[in-house]
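Please treat every number below as a calculation from the coordinates, not as lab data. Keep in mind it's a predicted model, so treat the numbers as computed, not measured. Reconstructed Cβ throughout: ideal geometry from the backbone, glycine too, with neighbour counts over all protein chains shown.
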Amino acid sequence: MHTTDIKNPDYFHKVVDCQWACPAHTPVPEYIRMIAAGRYADAYMVNWYSNVFPGILGRTCDRPCEPACRRGRVEEDNLEKPEPVAICRLKRVAADHKGDISARLPKIETVKNGKRIACIGGGPASLTVARDLVPLGYQLTIFDQDPKAGGFMRTQVPRFRLPEEVIDEEVGYILDLDVEFIGGRRIDSLKAILAEGYDAVFIGCGAPRGRDLEIPGRQEAAGQIHIGIDWLSSVSFGHIEKVGKRVIVLGGGNTAMDCCRSARRLGGDDVKVIVRSGFEEMKASPWEKEDAQHEGIPIINCHVPKSFTHENGKLTGMMFEKVHAKYDDNGRRTLVPTGEPDIFFGCDEVLIAVGQENSFPWIERDVGLEFDKWGLPVLNETSLQSTIPQVFFGGDAAFGPKNIIWAVAHGHEAAISIDQFLNGESLDTRPAPHLNLISQKMGIHEWSYDNDISNESRNIVPWAAAEKTLKSIKIEVELGFDAQTALKETQRCLNCDVQTVFKAPLCIECDGCVDICPMDCITFTENGEEAELRTRLTAPALVASQDLYVADGLRTGRVMVKDEDVCLHCGLCAERCPTGAWDMQKFLLDMAHAEPARRLTNSRRNAA
Amino acid sequence: MTYLAKPRLHHPSLPHNALGYTRRDYEGRISTLCAGCGHDSISAAIIQACWELDIEPHRVAKLSGIGCSSKTPDYFLGNSHGFNTVHGRMPSVLTGANLANRALLYLGVSGDGDSASIGLGQFAHVMRRGVNMVYILENNGVYGLTKGQFSATADKGSASKKGVANADSPIDTASLALLMGATFVARSFSGDKGQLVPMIKAAIGHQGAAFIDVVSPCLAFNNHPGSTKSYDYVRDHNEAVNFLDIIEGRPEITTDYAAGTSVDVVQHDGTIIRLRKAAADYDATDKVSAMNYIQKHHALGEVVTGLLYIDNQSTDIHANLNTVATPLNALTEKELCPGSAALAKLNASLR
Ligand SMILES: Cc1cc2nc3c(=O)[nH]c(=O)nc-3n(C[C@H](O)[C@H](O)[C@H](O)COP(=O)(O)OP(=O)(O)OC[C@H]3O[C@@H](n4cnc5c(N)ncnc54)[C@H](O)[C@@H]3O)c2cc1C
Ligand SMILES: Cc1ncc(C[n+]2csc(CCOP(=O)(O)OP(=O)(O)O)c2C)c(N)n1
Ligand code: SF4
Ligand code: SF4
Ligand code: SF4
Ligand SMILES: [Mg+2]
């Protein structure tokens, strides 16, 4: 194998599993250490710059960082139930405990640069574009058909998961930067918007159409059958306050989970989720399924809806066919009927949550904007520019429904593109991330990070009493960690950003590091092809997605090979090294944003 | 040296041996030796060997003298018996323990100062008596613990850290062990676990006095140019006579070696030491030529490593003294005081 190029920013970035997995590349261990030090406001700001909605995301994020988190891997075969660090809930701790941060927010830019930008839709994607561009002097106008900004965060995510005050606060931080928000205004024509002479248009209108289910009885019993996302927004606006006693929710995604838990709070005593797929293949996050089951909602899998039954135009129940999943050689799944007789479930109301689609009825097809065969806009995947040069997309509107953190990541990219576009720069060269690699050595056994390794299992987030939370849709279920528990949880983080940096010319091949490493990460051996080399390391390198760190230039002609997979970043290799060939160096990576968010992150890093 | 305890987390795929233990279960307390010390690598090799042999930790007694090397039993086999004796006196305490309880595996750990200076007499006698043990000498050419004075194994002419040449003749402990009657004599290097681990396993399987001289660089006081016990010197002058593979149970042919390039030695416990020859004319069962070979190559400035000598007909102190099979410490009053009739019979036989 070739010697690893540790100057390539991606190399060490990938070692910080959580940050690499985060669409916005939030420097997770950096803010976790700040929480451990009680620096909640600092931790909040690190998040705010990266992901814009720490309080909201700390409650609702899809948390792609957690399945990626190294802690889950290192606990395997060591602790009873291997679990990642509760990264998401620590983010909420920063938000809950931060105090007043208003002085740290960017000041309103009074010098405008004369460029006007329209954002269609007031969800997280548009809000991120606004936050990044307004401080540069751009004038932003956000249009939304709903009266308040926030998009689906406000109209879909139920209040028992995300209180209104949290949305108001974090959306407010952005609007208060002098963003013009025009609520209650539906945009019916892209042509008309373009005609208004904006310098750029950002389309962040989401994926607002819920899929329907065209099976017998749908029309006849329409009064008691609702599309999930429409029903949830009606609940959110207070138009719907009650539901029948027996409710069936169709679908296995997160929308289904929000529907069933909302129904449970609006008078549904007998609420069930019925899903076509097997339990494991359901799209909902594991914790969302757990939360629903915890509230006494059964999830019935492998049932395909056949028809709605009704009497005198009133819904009486539904018929289902039982199936089981079969996989062909390509791993593709088909649902095969088991042959058992169809099953009837009685109910008073049905919520259909079987998927969401994009729809752009307001964009004229002759306006010059190309759509692909799935009805999605044709975009440059990195710059998010459409086939009309001054029109950009982001969030669910760009590539179909995703989640809030992806909407934010798109918002940052689109803001950079718009800034480049309006300055006549090429959109193909993306600004490089900001990097810093600093030794953490303070003394012989002293590091500026806490390198002791906690053996604690993941801490459980406390919940409000079920009798209370099931009574009202507005009472938040999760309470968030208190400071003590948060501190314990922070200690589970392995500081994966504190990198083991190797300098071959200093190494005398004493094996000190090999012997001390608790995880058997390090090997000195003859070089070879990667696949073969992986098999003859101190411990076999099983996770191919985790890189090997290879260094040559040793006196014996061998190479040093370190498997990054389960390194604890404990620094014992560096403590044991007699020559300083290993050093622990903090790798801080901040994604580039449109200026001056960039300038602001730079001033923060002086404290690194 | 580190202030943190080694985290108890281990690699998720870390294997378990026949007893259900992982290698980590054979570790001891965290070492307090200098970073990079060869002695720590030897501890790691002992841990690896004992884990691979499925040795029950409570069946092992570790004995040592005084020195950095003699501190190491604290850093491996944390669940075994241990006795940190007096400077140079480990052999007599080990002999006593072995006489009292022959059922344990005795690991004697010592340094070159401990064995070749103050303890030279004890060293000679424990070999003569054929005490069943594995005697590991962690040889760095200096008194590490007392800050780096030359020891008796330092080569004549080799330089101290300050550049002063050693005027005295060295004691080669491997040659001395051979001369004194050790029946398993080997030499290795702390920086070569591929050679050292099977060597320790072979020594554990040996019945009788097994001695391994392990050159083990002292990072703080003897790893400079001019030293003949430094990492660089040993790597540049290492002349291995053979390499060992240990085959447990029924031999299974893994590699074919050209005829005459490998020899199998069957041990008392049935394991086979397969010696892959590196020096074509080297015969590890011929004591006299072994002694010659070592001396000849030492004169050339080379460090001869490998299994230097093995006597597979060896006996041990218990056979020589004709003791009973039951460990002496397990004999009860009934066996030890057979009564006046037996005494009368014995007295009669002496008249
Ligand atoms: C029930 C449900 C629960 C969810 N829960 C989570 C969760 O817990 N965590 C998570 O990360 N994600 C969740 N999501 C997904 C998440 O809400 C979206 O991915 C995210 O909000 C997309 O952001 P966006 O900025 O692209 O658009 P949206 O948030 O969808 O905002 C688009 C806005 O544009 C407005 N709009 C659309 N067309 C027009 C028009 N023509 N004129 C004017 N305004 C218009 C819409 O009314 C809307 O307010 C959930 C989604 C649903 C449906
Ligand atoms: C009776 C006695 N004399 C002298 C000493 C001082 N002393 C302690 S360790 C040591 C030498 C140890 O050298 P070595 O056995 O080579 O061990 P190393 O530290 O080099 O591993 C000496 C002389 C002592 N502890 N006891
Ligand atoms: S242990 Fe900490 S730094 Fe490492 S992946 Fe998990 S959260 Fe990130
Ligand atoms: S920091 Fe060093 S000693 Fe600790 S687990 Fe990683 S490689 Fe091993
Ligand atoms: S401890 Fe340092 S000098 Fe020794 S092998 Fe490891 S990196 Fe090399
Ligand atoms: Mg010594």
Based on DSSP H runs of at least 4 residues, each adding -39500 (n - 2.57), what is the mean residue ellipticity at 222 nm of the protein assembly as shown after dividing by all its residues, to the nearest 500 deg cm²/dmol? -8000 deg cm²/dmol
Could you tell me whether segment A:1-131 comes out rounded, prolate or oblate from its Cα gyration tensor? Rule is a ≥ b ≥ c as square roots of the eigenvalues, rounded for a/c under 1.5, then prolate if a/b exceeds b/c, otherwise oblate. prolate
Spin-label pair A:Lys107/B:Ser340, simplified geometry with 7 Å Cα→Cβ offset, distance in nm: 11.3 nm
Length gained, B:Glu333-B:Ala100, 0.36 nm per residue minus C-alpha separation, equals 82.4 nm
Relative to the longest principal Cα axis of chain A, at what angle does helix A:40-51 sit, 0 to 90 degrees, rounded to 10? 70 degrees
Could you name the lysines whose alpha carbon sits less than 22 Å from that of B:Lys147, not counting residues in the same chain fewer than 8 places away? B:Lys71, B:Lys156, B:Lys161, B:Lys162, B:Lys229
How many angstrom lie between the C-alpha centres of segment B:122-189 and segment A:466-540? 43 Å
Charges at C-beta only: +1 for Lys and Arg, -1 for Asp and Glu. How large is the resulting dipole of chain A about its Cα centre, in Debye rounded to 20? 960 debye
What residues have an amide H closer than 5 Å to that of B:Gln149, excluding those fewer than 5 places away on the same chain, when H is modeled at 1.01 Å from N in the peptide plane? B:Tyr143
Name the long-range amide H neighbours of B:Val304: under 5 Å, sequence gap of 5 or more, or other chain; modelled H, no Pro or chain starts. B:Glu239
Cα-centred dipole magnitude for segment A:205-330, charges only on beta-carbon of K, R (+1) and D, E (-1), debye, nearest 20: 300 debye
Compute the long axis of helix A:124-133 from its Cα atoms, compare it with the longest principal axis of the Cα atoms of chain A, and write down the angle in degrees, 0 to 90, nearest 10. 50 degrees
Roughly how far apart, in whole Å, are the Cα centres of segment A:173-247 and segment B:298-331? 87 Å
Once you order the gyration tensor axes a ≥ b ≥ c over the Cα atoms, which shape class does segment A:146-266 get: rounded for a/c under 1.5, otherwise prolate or oblate by comparing a/b with b/c? oblate
State the answer as a single residue: which of B:Tyr75, B:Ser92, B:Ile171 lies farthest towards the positive end of the charge dipole of chain B, with beta carbon charges of +1 for Lys and Arg and -1 for Asp and Glu, about the Cα centre. B:Ser92
Cut-off 15 Å between beta-carbons: net charge of the residues surrounding B:Ser340, Lys and Arg +1, Asp and Glu -1: +1
Tilt, helix A:404-422 to longest principal axis of chain A (alpha-carbon atoms), in degrees rounded to tens, equals 80 degrees
Of all beta bridges DSSP finds with both residues in the protein assembly as shown, what is the antiparallel percent, to the nearest 5? 50 percent
Local electrostatic count, A:Asp230, Cβ distance below 12 Å [Lys/Arg +1, Asp/Glu -1]: +1
Listed residues B:Ala210, B:Val265, B:Tyr282: farthest to the positive end of the dipole of segment B:23-321 (Cβ charges): B:Ala210
Of all stretches in chain B that avoid chymotrypsin sites (Phe, Trp or Tyr not before Pro) placed in a DSSP loop and having at most 16 other Cβ atoms within 10 Å, the longest is B:4-256
Where both residues lie in chain B, what percent of DSSP beta bridges are antiparallel, nearest 5? 40 percent
Using only the alpha-carbon atoms, what does segment A:212-355 span along each of its principal axes? Please give whole angstrom values in decreasing order. 49, 37, 23
Listing A:Phe421, A:Phe160 from the residue with the fewest other Cβ atoms within 10 Å to the one with the most, what is the order? A:Phe421, A:Phe160
Taking the Cβ-Cβ separation of A:Asp552 and A:Glu80 as r and a Förster radius of 35 Å, what is the calculated FRET efficiency to the nearest 0.05? 0.25
Suppose each label sits 7 Å from its Cα in the direction of the beta carbon; what would the A:Ile182-A:Glu467 distance come out to in nanometres? 5.2 nm
Run a plain Debye calculation on segment B:23-321 (Cα atoms as equal point scatterers, no solvent) and give log10 I(q)/I(0) at q = 0.07, 0.08, 0.15 Å⁻¹, rounded to two decimals, same order as the q list. -0.23, -0.30, -1.15
Of B:Ala154, B:Ala220, B:Ala203, the most mobile residue in a GNM of chain B (C-alpha springs, cutoff 10 Å) is B:Ala220
Going Cα to Cα from A:Lys14, which aspartates and glutamates come in below 19 Å? Please leave out same-chain ones fewer than 8 positions away. A:Asp5, A:Glu30, A:Glu66, A:Asp497, A:Glu530, A:Asp547, A:Asp563, A:Glu564, A:Asp565, A:Asp583, A:Asp590
Plugging the Cβ-Cβ distance of A:Gln293 and A:Ala195 into 1/(1 + (r/R0)^6) at R0 = 51 Å yields, to the nearest 0.05, a FRET efficiency of 0.45
When the convex hull of the C-alpha atoms of the protein assembly as shown is computed, what volume per residue in Å³ does it have? 242 Å³
If each K or R counts +1 and each D or E counts -1, the residues other than B:Ala220 whose Cβ falls under 12 Å of its Cβ total +2
Roughly what % of DSSP beta bridges within segment A:212-355 run antiparallel, to the nearest 5? 55 percent
Added length on full extension, which subtracts the Cα-Cα distance from 0.36 nm per residue, B:Leu300 to B:Val324: 3.9 nm
As I understand it, the dipole of chain A uses +1 on the Cβ of Lys and Arg and -1 on the Cβ of Asp and Glu, about the Cα centre. Which of A:Ile404, A:Leu175, A:Pro505 lies farthest toward its positive end? A:Leu175
Name the shape class, rounded, prolate or oblate, that the alpha-carbon gyration tensor gives for segment A:100-179, where a ≥ b ≥ c are the square roots of its eigenvalues, rounded holds for a/c under 1.5, and otherwise prolate holds if a/b is larger than b/c and oblate otherwise. oblate
About its Cα centre, how strong a charge dipole does segment A:369-495 have in debye, to the nearest 20, once Lys and Arg get +1 and Asp and Glu get -1 at the Cβ? 340 debye
Per residue and in Å³, how big is the convex hull formed by the alpha-carbon atoms of segment B:155-199? 80 Å³
If you wrap segment A:149-212's Cα atoms in a convex hull and average its projection over all directions, what's the area in nm²? 6.2 nm²
Between the DSSP loop rule and a limit of at most 16 other Cβ atoms within 10 Å, which chymotrypsin sites (Phe, Trp or Tyr not before Pro) in segment A:248-328 are left? A:Phe279
